[in-house]
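**Q** Dropping the structure in here first, questions after.
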Amino acid sequence: MRRHGLVLLCTLALATAVAATAWAHSTPQIRAQQAHARAVLAQVDQIGANLQKIEDQAWNAKQRLTAVNGSLKRNEYQLHLAKGNLRAAQRRLMSRIYSLYVNGSPSTIDVIAGAKSISELIDRAESAQVLSSQDAALGQQALRFEHTVQRRERQLQQLKRQRVAALAELQAKQRTITSELAREKHLLASIHSSIDKLQQQEAARERRLRALAEARLKEQLAEQAAARAAAAQAAQSSATSPVSSGGGVVLPPVTIPVGSTGAGHPQAASIALQYLGVPYVWGGASPAGFDCSGLVMYVYAQLGISLPHYTVAQWSSTIPISPSELQPGDLVFFDGLGHVGIYIGGGQFVDAPHTGSVVRIDSLSSFGSFNGARRVP
């Protein structure tokens, strides 16, 4: 029995195309299209299996029809022989009857006059004992053989008609399923095209967001550096300029401490942007793959800060701040502390959302249930 491997080829080729999209940019719309693609792929696989079954049945039907045609040919040859034998017997009988007729036997005339067929002629001749037993046996054998072959011919012709009809039905089903499979493949290709287009749009959006975030971070870091420099200069001026009191007594210099600006760790936002597009891996904490808390832990490790690999623990080990105090590098938590991301400014944050997605930029306003913001000490 033939095996085309159609189902396996369809499944492997199309599943590869679907799986390839899991490593690219992801949005709810893209994930919906990917789910649709998986559903269509399952349908293609089922249709392919049905087509394989029908093709096998059609091939078997062709083989059975070929066998019937072979039997018909052999039977036609036997029928040809039977007809030849019958004609020889008829010629012999007619020769014998003619001989009897020429002899003028009344019994012969009675036999000829009453017979309406060769079969009846033989029967009447036997009854009248006009023909010899040898002639009668030859004629009866020829007739029986012809009748047997004709009956076999009718049976084979009926069987042939049945098998031709069965083959035609299977071939019609095969054409229908092939057409259906082509439509589903076309639909799947269309879905893949839509996914590719959406992913390209999402990639372009993320590039724009990354550029804007990097520009904001650069500006903020410059402002912080300028503020520190101004504070240091003011402290130095105060330290080196004696202040005279109203009574002419020179007061000792006063040192103004320069501490943290309280803006958190904006460098963490810059580092997080470097890993956009890395695939989500549950439990992952390296550029080979991140989950949400693994990304936070890895980014802050680059700054020499150790954080636990668990969202609740990260919440507990950081300082609460109000949403109005959010600065790049702060942590934002969602979904009952089930998710965490790194704020990059402009109402956006970098995160690794879920299986099948990648590290990407999301919006605070549209992501989900916001639990609060925390700052890493």
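**Q** Given (1) more than 17 Å from SER286 (Cα to Cα); (2) modelled with pLDDT of 95 or more, identify the lone condition not met by GLU325.
**A** Checking GLU325 against (1) more than 17 Å from SER286 (Cα to Cα); (2) modelled with pLDDT of 95 or more, the one that fails is (2).
**Q** Of the residues in segment 62-80, how many are over 24 Å from ALA172 (Cβ atoms) and at pLDDT 80 or above?
**A** 5
**Q** Sticking with this structure for a sec: Residue by residue through segment 271-321, note down the ones that are more than 35 Å from the chain's Cα centre (by Cα) and hydrophobic (A, V, I, L, M, F, W, C).
**A** Passing the criteria: ILE271, MET297, VAL299, ALA301, LEU303, ILE305, LEU307, VAL312, ALA313, TRP315, ILE319, ILE321.
**Q** Kindly list the number of the only condition in (1) surrounded by fewer than 18 Cβ atoms within 10 Å (Cβ to Cβ); (2) of a type in the set (A, V, I, L, M); (3) at pLDDT 95 or above that fails for LEU295.
**A** Failed condition: (1).
**Q** Looking only at segment 351-374, decide whether some residue is farther than 29 Å from ALA32 by Cα, out of contact with any strand residue (DSSP E or B) (no Cβ under 6 Å at 6 or more places or on another chain), hydroxyl-bearing (Ser, Thr, Tyr) and at pLDDT below 95. Give the steps one after another, and end with the answer.
**A** Step one: filter segment 351-374 for residues farther than 29 Å from ALA32 by Cα, giving 373-374.
Next, from what is left, pick out any that are out of contact with any strand residue (DSSP E or B) (no Cβ under 6 Å at 6 or more places or on another chain): none.
Looking for residues that are farther than 29 Å from ALA32 by Cα, out of contact with any strand residue (DSSP E or B) (no Cβ under 6 Å at 6 or more places or on another chain), hydroxyl-bearing (Ser, Thr, Tyr) and at pLDDT below 95, one finds none in segment 351-374, hence no.
**Q** Note down all Cβ pairs under 7 Å where the first residue falls in segment 133-156 and is in the same structural domain as HIS80 (by TED's automatic domain parsing), the second is part of a helix (DSSP H, G or I) and at pLDDT 80 or above, and they're at least six residues apart or on different chains.
**A** From residues that are in the same structural domain as HIS80 (by TED's automatic domain parsing), the pairs are LEU156/SER71.
**Q** If you don't mind, there's one more thing I want to ask. Given (1) in a loop (DSSP other than H, G, I, E, B); (2) touching a strand residue (DSSP E or B) at 6+ places or on another chain (Cβ under 7 Å), where does VAL296 come up short, assuming only one miss?
**A** (1)
**Q** Can we say ILE195 is in the same structural domain as LEU81 (by TED's automatic domain parsing), touching a His at 6+ places or on another chain (Cβ under 8 Å), surrounded by 15 or more Cβ atoms within 10 Å (Cβ to Cβ) and more than 22 Å from ALA67 (Cβ to Cβ)? Even if it seems obvious, please write down each step before you answer.
**A** Values: in the same structural domain as LEU81 (by TED's automatic domain parsing): yes; touching a His at 6+ places or on another chain (Cβ under 8 Å): no; surrounded by 15 or more Cβ atoms within 10 Å (Cβ to Cβ): yes; more than 22 Å from ALA67 (Cβ to Cβ): yes.
Spelling it out, it is not the case that ILE195 is in the same structural domain as LEU81 (by TED's automatic domain parsing), touching a His at 6+ places or on another chain (Cβ under 8 Å), surrounded by 15 or more Cβ atoms within 10 Å (Cβ to Cβ) and more than 22 Å from ALA67 (Cβ to Cβ).
**Q** Here are GLY346, GLY341: which of them is out of contact with any His (no Cβ under 8 Å at 6 or more places or on another chain) and either within 15 Å of MET297 (Cβ to Cβ) or among the basic types (Lys, Arg) (or both)? Outline the logic, then answer.
**A** On the way: GLY346 fails: either within 15 Å of MET297 (Cβ to Cβ) or among the basic types (Lys, Arg) (or both).
None of the other options fit; the residue is GLY341.
The values are calculated or read from the model by the stated rules, or taken from the named source; none is laboratory data. If you're wondering where the values come from, they're calculated on a predicted model, not measured in any experiment. Counting neighbours? That spans all protein chains shown, and the Cβs are built from the backbone with ideal geometry, glycine included.
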